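The structure appears right after this line, and notes come after that.
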Amino acid sequence: MDPAVIQLLVLAGIAVFLILRLRSVLGTRDGFEKTSVQRDAPATPLDRKPAFEVIEGGPDTDITDHVKEGSDSAKALARMKAVDPEFGVSDFLQGARGAYEMILMAFESADMESILPFLSRDVFNSFDEVVQTREREGLVVEASFVGLREIEIVDATFDEKTKEGEITLRFVAELTQAVRKAETGELVDGDPNTIKRQKDVWTFAREMTSDSPNWQLVATGD
């Protein structure tokens, strides 16, 4: 046999052997197969978009969390928010908590000057009259604020003409109170070691277009 032919057969054999070895190592592809694509890692909770979207025009939970949806109070609060976008019902209630304690304790300790800016003239005169009566009778009050148990909106109104909003709140607080004679310290009423529950209904008012965010106490009741 011609040496050239023998050489070609040997080379062909080697080529076949190499092809078979490669197929056994790399495998084969039959037909069309998609190339693998690396998937992004699942989004973490912070990366996920909300499962829902707030529907424009839906109920304002800042209002409906505190008063009945569609009620006159809810409509009045909505008007207040429309006139003053900085106003929030939840924020107002948080501020009212602090105002109630501050005003109540100042009244009990006869420190009327410190709360003058937060009272209407009528309420100031009413509180001051009680304070002056105590002084004339030689009495002092020792009081300690324990905590506010409840606060809720009783009513809300809005005057379209004056742009004044009024919100009436019901407070249920716990405090200790003792009335003593100023000169001798003799206990006249109450008990400094007994916690009593006190209920008040106060109305706060504010002109919603005012630059001042402060509300004034304009009426009290129980």
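The values are calculated or read from the model by the stated rules, or taken from the named source; none is laboratory data. These numbers come from a predicted model, not from an experiment. All Cβ positions, even for glycine, are placed from backbone atoms using ideal geometry, and neighbour counts span all protein chains on display.
Observations on the model:
- Evaluation of Phe158 against the conditions (1) surrounded by fewer than 17 Cβ atoms within 10 Å (Cβ to Cβ); (2) within 30 Å of Leu77 (Cα to Cα) shows that the sole unmet condition is (1).
- Residue match in segment 205-222 (condition: surrounded by fewer than 11 Cβ atoms within 10 Å (Cβ to Cβ) and under 18 Å from Asp122 (Cβ atoms)): yes
- In segment 113-131, the qualifying residues are those that are hydrophobic (A, V, I, L, M, F, W, C) and in a helix (DSSP H, G or I), and the one that is nearest to the chain's Cα centre (by Cα) is Phe118.
- Qualifying residue in segment 172-182 (condition: modelled with pLDDT of 95 or more, among the basic types (Lys, Arg) and assigned to a strand (DSSP E or B)): yes
- So Phe92, is it out of contact with any strand residue (DSSP E or B) (no Cβ under 6 Å at 6 or more places or on another chain), modelled with pLDDT of 95 or more and in a helix (DSSP H, G or I): yes
- Taking the criterion of being surrounded by fewer than 17 Cβ atoms within 10 Å (Cβ to Cβ) and assigned to a helix (DSSP H, G or I), the residues of segment 65-77 that qualify are Asp72, Lys75.
- For segment 143-171, taking the residues that are touching a residue at least 60 places away in the same chain (Cβ under 8 Å) and not in a strand (DSSP E or B), the one that is farthest from Val130 (Cα to Cα) is identified as Glu160.
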